Amino acid sequence: MKKTESTNSRPRGWQKAAVILLALIGGLVLSFLGFGLLWSGIAWHVQMIMVIPFLMLSYALCRWDKRAVDSCILIASGAAPIALLMTQFRDTQGSHLMSVLVTLSWFIGIISGYYCNKMYPESSKSEQNETLS
């Protein structure tokens with residue numbers, strides 16, 4: 001009986017691969033969405049709302065996978081190429097500040113999702129207990 005309990009607590013190979021792919025693809029897709037918002041000319045302060053999808057992705061992957069730091073690093077790795085490209089854009093006054101702040105807000109969203117997961121770990125356990133009942 002102990003063997004089944006210990007094997008159930010370990011993540012399976014397919015789950016690790018799925019988390020890696022979802023984190024990388026999710027970060028890349030969300031960064032493309034943020035780049036599309038920039039390209040379409042939406043105001044800078046409205047683009048800061050992109051913190052919410054990054055927060056939700058990070059929170060969901062941290063809930064699903066127990067190695068939350070790995071998931072957050074992978075999301076950031078997926079978003080990094082477009083983030084580096086976005087920092088090259090200038091605002092109307094010739095400053096890079098707003099583009100850097102927008103991309104920084106993405107990474108703040110990723111970190112916030114991680115900390116939200118750390119703040120409320122019991123809710124996922126109670127949800128699992130209700131599902132098993």
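Applying the criterion of being over 20 Å from Val46 (Cα atoms) and without any contact (Cβ under 8 Å) to a residue 40 or more places away in the chain to the residues of segment 99-125, the residue that is nearest to the chain's Cα centre (by Cα) is Tyr115. Among the residues of this structure, His96 counts as one that is without any contact (Cβ under 8 Å) to a residue 40 or more places away in the chain and touching a Phe, Trp or Tyr at 6+ places or on another chain (Cβ under 8 Å). Reported count of residues in segment 28-81, each being in contact with a Leu (Cβ under 7 Å, 6 or more places away or on another chain) and in contact (Cβ under 8 Å) with a residue 60 or more places away in the chain, is 1.
From the list Ser112, Ser105, Ser133, the one residue that fits, being at pLDDT below 90 and either surrounded by 15 or more Cβ atoms within 10 Å (Cβ to Cβ) or of a type outside the set (Lys, Arg) (or both), is Ser133.
Only helices (runs of 4 or more DSSP H) whose full extent lies in segment 1-95 are considered here, and the ones with at least 1 residues that are modelled with pLDDT of 85 or more and in contact with a helix residue (DSSP H, G or I) (Cβ under 9 Å, 6 or more places away or on another chain) are 13-39, 51-64, 68-86.
For Leu85, the requirement of being among the hydrophobic types (A, V, I, L, M, F, W, C) and crowded, with 16+ Cβ neighbours inside 10 Å is not met.
The values are calculated or read from the model by the stated rules, or taken from the named source; none is laboratory data. Model, not experiment: these values are computed from the prediction. Glycine also receives a Cβ, built like all others from the backbone with ideal geometry; neighbour counts cover every protein chain displayed.
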